[in-house]
Each structure stands twice: as C-alpha cells, then as structure tokens.
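Novice: There's a structure below that I have some questions on.
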Amino acid sequence: MSHPVNINPVRGLLYQARYSPEHPAVIYEDETVDYAHFTESVRRLAGAFARSGVGTGDRVASLGLNSEVFLRTMFAA
C-alpha cells in the first residue's frame with residue numbers, strides 16, 4: 001500500500017527553515033534572504049491575509065514583476 005506524498009511547497013519551506021535556517025532561500029539581484037528570515041516574513045504576510053478575511057478557497061493575486069515579494073506572496077497565500 002502506498003502512502004500519499006505531500007508536495008505542498010510550504011511544507012518544503014518549513015522543512016528548510018527548521019533544518020537549514022541560515023542557508024539562502026531567495027537570491028534576487030544583490031539581495032540574499034535566508035530561510036529563517038524568509039519563512040518569518042511569509043508567516044507575517046499569511047497572518048495579515050487571515051486577519052483581512054482571506055480564507056481557504058479564496059484567490060489572491062499579485063501584480064508585479066518576479067521578486068522576493070512575489071515568492072513571499074505565493075507562499076503566504
């Protein structure tokens with residue numbers, strides 16, 4: 001019997017933040033953000049989404065260019 005595999009990218013992010021917090025999570029232009037700081041910023045944004053009423057099944061849009069902010073929004077949503 002096979003076991004289901006969880007391929008949620010947030011699970012991978014949380015794993016890396018726990019076991020490799022000092023490793024680079026995002027390198028964009030001349031800025032490098034480690035997993036500890038990136039994950040914390042994702043958690044803060046996810047909390048802001050929840051407080052503003054965003055819930056399961058809702059859609060979140062991001063209008064902008066590729067950046068650390070885009071990735072943070074994707075993970076937070």
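The values are calculated or read from the model by the stated rules, or taken from the named source; none is laboratory data. These figures come from a predicted structure and were not determined experimentally. When we count neighbours, we look across all protein chains shown, and the Cβ atoms used for this are built from the backbone with ideal geometry, even at glycine. With ligands, DNA and RNA removed, areas are computed over all heavy atoms of the protein, side chains included. Shrake-Rupley method; radii C 1.70, N 1.55, O 1.52, S 1.80 Å.
Novice: Regarding residue 55, is this residue out of contact with any Leu (no Cβ under 9 Å at 6 or more places or on another chain), small (Gly, Ala, Ser) and not in a loop (DSSP other than H, G, I, E, B)? Quick ask: steps written out before the conclusion?
Specialist: On the way: out of contact with any Leu (no Cβ under 9 Å at 6 or more places or on another chain): yes; small (Gly, Ala, Ser): yes; not in a loop (DSSP other than H, G, I, E, B): no.
So residue 55 does not fit the description; no.
Novice: So which residues in region 11-52 are part of a loop (DSSP other than H, G, I, E, B), open to solvent by 40 Å² or more (accessible area, probe 1.4 Å) and of a type in the set (Gly, Ala, Ser), if there are any at all?
Specialist: Restricting attention to region 11-52, the residues satisfying the condition of being part of a loop (DSSP other than H, G, I, E, B) are 20-23, 29-30, 52.
Restricting the remaining residues to those that are open to solvent by 40 Å² or more (accessible area, probe 1.4 Å) gives 21-23, 29-30, 52.
Of everything in region 11-52, just one residue is part of a loop (DSSP other than H, G, I, E, B), open to solvent by 40 Å² or more (accessible area, probe 1.4 Å) and of a type in the set (Gly, Ala, Ser), namely 52.
Novice: For residue 31, only one of the following conditions fails: (1) farther than 19 Å from residue 11 by Cα; (2) free of Cβ contacts under 8 Å to residues at least 24 places away in the same chain. What is its number?
Specialist: Single failed check for residue 31: (2).
Novice: Sticking with this structure for a sec: I need a count of the residues in region 53-77 that are surrounded by 11 or more Cβ atoms within 10 Å (Cβ to Cβ), more than 21 Å from residue 7 (Cβ to Cβ) and modelled with pLDDT of 95 or more.
Specialist: Final tally of qualifying residues: 1.
Novice: Follow-up. Restricting the first residue to region 38-64 and requiring it to be free of Cβ contacts under 8 Å to residues at least 40 places away in the same chain and within 23 Å of residue 21 (Cβ to Cβ), which pairs with a second residue that is acidic (Asp, Glu) and surrounded by 14 or more Cβ atoms within 10 Å (Cβ to Cβ) meet a Cβ separation below 9 Å and a spacing of at least six or different chains?
Specialist: Correct list of pairs: 38/68; 41/68.
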